[in-house]
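Novice: The structure is given below, and queries will be raised subsequently.
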Amino acid sequence: SFSGAYEDWPTFRDLFQSIVGDNSSISAIEKFHYLKTCLEGPAEELIRPLVVTGDNYPRAWELLSAQYENKRELSRSNFSKFTAVAKMK
């Protein structure tokens, strides 16, 4: 599942694409259904307005990618985690 935490996006993206997105035996509407069932919180809210159709699966993936492929946010999130660990020591 993916809740919208930037630091979790690369892992979720790669696993989802590997298992579902790149699987040619799964239809686009099924992929969209699987995607929606994996999302929570802000990530789910981002694609909630889209009706589950085969045509909307690529749109949903584009919305998520545009939001969570943000290199600045990924770096900030990773840096925050790193400094939190450093302070604990």
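Novice: Fewest to most neighbouring Cβ within 10 Å: what's the order for Ser3, Ser24, Ser18?
Specialist: Taking fewest neighbouring Cβ atoms as first place, the list is Ser24, Ser18, Ser3.
Novice: Can you work out the FRET efficiency for the pair Ile29 and Gln67, with r the C-beta to C-beta distance and R0 = 30 Å, to the nearest 0.05?
Specialist: 0.85
Novice: Amide H of Phe2: which non-local residues (sequence gap of 5 or more, or other chain) have their own amide H closer than 5 Å, using H built in the peptide plane?
Specialist: Leu39, Glu40
All of the numbers you see were taken from the coordinates with simple rules; none came from a lab. All figures in this text were calculated on a predicted structure; none of them were measured in a lab. Using ideal geometry, Cβ is built from the backbone for each residue, glycine included, and neighbour counts are taken over all protein chains shown.
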